[in-house]
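Report on the following structure.
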Amino acid sequence: MLKLHILASGSRGNAAIVENGATGAGVLIDCGICKRDFFSRAAEAGFDLAGLEAVVVTHDHGDHVKGMGVVLRGLAKAGVRPTVYASEAVFAASAPLRDAVASVGARFCAFEAGEELVLAGLAVHSFATSHDAAASCGFRFDELASQPVGADGAPPSPTVAAPLDSLGYMTDTGYVTDEAAAALAGVRLLALESNHDGRMLETGPYPYVVKQRIASTRGHLSNAQAADYLRGAAHGDLRHVVALHISQENNTYRLPRETLVAALADAARTVPVSVAYQDRLVTIA
């Protein structure tokens, strides 16, 4: 089974670890938090960082990459050297990401939205999102069955059979793209952006141009948009939903949960809904 450890989520910094529960291996999504918070919350989650095999980057904005350097250096001191995956456009646009990779001589691999990677015994399918970044994407993680160890003692390799478990992660998008909807179909765990309440954004303190950006098709999903998507996407195998990237100025932690619970009720589904926080760990399993 898969576990999702959301170390932080919000405009001040984002990081999450997808853990392969069968092996303890993991993949870090983004790293926009400080080294202290990264290491302390990973330890609180019970995740052994020795099993961190890869880092995947959704996009180049600072709240998703600004902590990459200090964290990679801290990991390297502990003998942990994950491979870093990002699109060529994101890597070119982000000096902090390039500097982080160079500072420890990390292996860097480029991918483009729509490609599938095999990391930590998981099939990781990337899909395009819509955000005002150089490029942006979300991810679907499928836990794959492993073949038995051969007579030569070679390690097992993941098969392409039906996944044992699945998790979707979509944040920082102005709308749910067709690619995202297709990739997220049928996941057991869904981490979904629910950034702002429309009324709070409209009447809040942000400058007009910032409000327009957030509400645009290249901004962030509102509670209502997330609910509209979930109402149509809910299915019988969905077991947990968690709201991501909640604005501390234009939302509350109560509103996304209530809005998404109501959307699930409209779809005749009773599914637990959690919220991800800026300053505390949330683990979904």
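The values are calculated or read from the model by the stated rules, or taken from the named source; none is laboratory data. Owing to the predicted nature of the structure, the values given are computational and were not obtained by experimental measurement. Quick reminder, even Gly has a Cβ in these numbers, built from the backbone with ideal geometry, and neighbours come from all protein chains shown.
Annotations
- Taking segment 116-134 as the range and being closer than 17 Å to A185 by Cβ and either of a type outside the set (S, T, N, Q) or part of a loop (DSSP other than H, G, I, E, B) (or both) as the test, the residues that pass are E116, A123, V124, H125, F127, A128, T129.
- Among the residues making up segment 93-104, those that are in contact (Cβ under 8 Å) with a residue 24 or more places away in the chain, within 21 Å of the chain's Cα centre (by Cα) and more than 11 Å from H59 (Cβ to Cβ) are P96, A100, V101.
- Scope segment 22-68; condition among the polar types (S, T, N, Q) and either in contact with an Asp or Glu (Cβ under 7 Å, 6 or more places away or on another chain) or buried (at least 24 other Cβ atoms within 10 Å of the Cβ) (or both); matching residues: T58
- The lone criterion from (1) crowded, with 22+ Cβ neighbours inside 10 Å; (2) over 25 Å from D63 (Cα atoms); (3) under 21 Å from the mean Cα position of the chain (by Cα) left unmet by A263 is number (3).
- Within segment 136-194, being modelled with pLDDT of 95 or more, under 22 Å from Y85 (Cα atoms) and of a type in the set (V, I, T) holds for T171, T173, T177.
- The set of residues in segment 52-81 being more than 14 Å from the chain's Cα centre (by Cα) and within 16 Å of V27 (Cβ to Cβ) consists of L52, E53, M68, V71, L72, L75, V80, R81.
- Tally of residues being under 21 Å from A185 (Cβ atoms), touching a residue at least 40 places away in the same chain (Cβ under 8 Å) and assigned to a loop (DSSP other than H, G, I, E, B) across segment 234-284: 4
- Filtered by the rule that a residue be out of contact with any helix residue (DSSP H, G or I) (no Cβ under 8 Å at 6 or more places or on another chain) and either part of a helix (DSSP H, G or I) or of a type in the set (G, A, S) (or both), segment 213-225 gives R213, S216, Q225.
- If you go through segment 194-215 and keep only what is of a type in the set (S, T, Y) and closer than 22 Å to Y253 by Cα, you end up with S194, T203, Y206.
- Within segment 172-212, considering residues that are among the β-branched types (V, I, T) and assigned to a helix (DSSP H, G or I), the one surrounded by the fewest Cβ atoms within 10 Å (Cβ to Cβ): V209
- Failed item in (1) touching a Lys or Arg at 6+ places or on another chain (Cβ under 8 Å); (2) within 20 Å of F139 (Cα to Cα); (3) among the charged types (D, E, K, R); (4) surrounded by fewer than 24 Cβ atoms within 10 Å (Cβ to Cβ), with E19 passing the rest: (4)
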